[in-house]
Amino acid sequence: MVNFKYAALHSDLMVESYSNVKGTEDYYPEQKFVQQHIFSNLREVAQSYNFKEVETPVFEYLDLLTKKEGEEIINQIFVLEKRSKEKLGLRFDLTVPGARLFITKQKQLPKPVKWFSIDKMWRYEQPQAGRLREFYQFNCEIYGSRSIISDAQLISLAITALEKLGLRLNKDFKVYVNNRKLLEGFLQGLTGKKEVFDIIHLIDKREKISEDEFVEGLEKFGIRQVNELIKFISLDDLSDVDETSLNEKAQEGLNSLRKIFSLLDGKIVFAPGIARGLSYYTDLVFEIFDADRKLRALAGGGRYDLLIEQFGGLPTPATGFAMGYSTLSLLLKQRNLLPSYKNMLKAYVAPVNDSARQRAFEICSELQKNIIADTDLMNRSLSKQLKYASSLNAEYVVFVGEDELSRGMVKVRDMQSGKEEDVRLAELSSYFQSKQ
Ligand code: HAM
């Protein structure tokens, strides 16, 4: 008799256990191949800019993660179930764990310190295209330099990385630059308030909400000069900023923008509406978007000169950015810039009958020390093995049979030309190495 209750429960379990969690992604070999292509290009560019790779644990003390953050990101932290008194959370970016890493060795490290990482992050978000709950970020940070050349170098690195992957600056992607001091100073002047992060946060959200919601939000913060604010954040030319109305802070921001524009002339676009949602930024900020502005941001970053001190380190200027893998891979796919997957198998070692299986295994193990090789794991007939080897794009098949073995030989077939030759067993490894 069928137990219906059990069957129903069981089928629910089946569904749950076979689908991945909302906002996460599985990587089959095809996707892993693409990912490796992207990561190795990013890694190479970071290394050529003299950044060294670091890695931090996926979880940190919750206190550290929440110490300097705004409410939105705190709500997005995945908090781990409490087992003792410790409260832990999954990292949502590398800036915070990176600061901890830096502070721990701050005194010994020659400055500036330039670190990068390519790692997974977690945020409890409403998943959508390019926005996940588990995602990869390519992260670069510079600690100890106040020079604006550091900021320029980071932007230049991000541009070089995207170009290396085939994307064209200003045609496929654009770099939008602003300065928190300019925006903060302008908002302080406009509102008469000192604390304006809430408004900055709302400006950061502008593209994700309707115009009405945006205006309503501004009014809620008591801003009556809505048009003036919208006019300011819509400027796209640095020379259009009305200097006469700026307070000292905003003026400082404007001067720093002038410097970065002279360092990166023609490569960056002025966008005073780039606010950045994270609270730790103090100066220059930037975001990179696809040129059509169809996707979410490809990258974002900026200077955070107070964070290290706020975390208990010695006062240290810092600047950095992170590039998201999801949007980047989406854009590369749209532009047909992803390599097509090719299975790599140099040699398939085929026992011609059952009595050759052991020798085939041994020969294959020897080859595996130097090249990608495999042998039959399915007890298949020779013809089925050949079919399987071609489905894997094997470049060569090594036939292992008693006749040849008794002469110390094996037969090797070039799968593309179909040509076969006898190769001395003792020379098989060097035969394949010469074919690399
Ligand atoms: P962020 O703007 O939060 O900045 O993230 C940087 C990039 O990571 C975004 O532009 C986006 O491409 C990607 N990203 C962020 N959230 C998600 C998500 N839920 N799903 C997929 N991709 C996402 C930071 O994280 C700063 N810590 C960057 C930084 C480093 N600032 C200074 N140093």
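The values are calculated or read from the model by the stated rules, or taken from the named source; none is laboratory data. Keep in mind the model is a prediction, meaning the values are calculated, not measured. Please note: Cβ atoms are built from the backbone with ideal geometry, for glycine as well, and neighbour counts cover all protein chains shown.
Set side by side, the residues Lys120, Lys164 differ, and just one is away from the ligand (no atom under 16 Å from the Cβ), closer than 25 Å to Ile38 by Cβ and of a type outside the set (Asp, Glu), which is Lys164. Tell me whether region 45-68 contains one or more residues that are closer than 30 Å to Ser279 by Cα, modelled with pLDDT under 90 and not in a helix (DSSP H, G or I). Checked against the condition, which is being closer than 30 Å to Ser279 by Cα, modelled with pLDDT under 90 and not in a helix (DSSP H, G or I), region 45-68 yields at least one hit. Screening region 266-285 for residues that are closer than 17 Å to Asp172 by Cα and of a type outside the set (Gly, Ala, Ser) and picking the one that is farthest from the ligand (Cβ to nearest atom) gives Lys267.
Kindly indicate which of Arg100, Arg133 is over 23 Å from Val34 (Cβ atoms) and among the basic types (Lys, Arg). Full working, then the answer.
Details: Arg133 fails: over 23 Å from Val34 (Cβ atoms).
Only one candidate passes the filter, namely Arg100.
Taking region 348-403 as the range and being closer than 19 Å to Ser430 by Cβ and among the aliphatic types (A, V, I, L, M) as the test, the residues that pass are Val349, Ile363, Leu367, Ile371, Ile372, Ala373, Val397, Val398, Val400.
Within region 298-325, which residues are surrounded by fewer than 18 Cβ atoms within 10 Å (Cβ to Cβ) and under 21 Å from Leu157 (Cα atoms)?
Hit for region 298-325 is Asp305, nothing else.
Here is a check on your reading of the model: is Asp292 farther than 21 Å from Ser150 by Cβ, more than 10 Å from the ligand (Cβ to nearest atom) and either charged (D, E, K, R) or not in a helix (DSSP H, G or I) (or both)? Considered against the rule, which asks whether it is farther than 21 Å from Ser150 by Cβ, more than 10 Å from the ligand (Cβ to nearest atom) and either charged (D, E, K, R) or not in a helix (DSSP H, G or I) (or both), Asp292 comes out as yes. Checked against (1) closer than 30 Å to Gln128 by Cβ; (2) hydrophobic (A, V, I, L, M, F, W, C); (3) touching a helix residue (DSSP H, G or I) at 6+ places or on another chain (Cβ under 9 Å), Ala347 passes all but condition (1). Note on region 406-436: residues that are farther than 14 Å from Ala350 by Cα, assigned to a loop (DSSP other than H, G, I, E, B) and of a type outside the set (D, E, K, R) amount to 6.
Checked against the criteria, Ser365 does not count as over 30 Å from Ser434 (Cα atoms) and either surrounded by fewer than 20 Cβ atoms within 10 Å (Cβ to Cβ) or among the hydroxyl-bearing types (Ser, Thr, Tyr) (or both).
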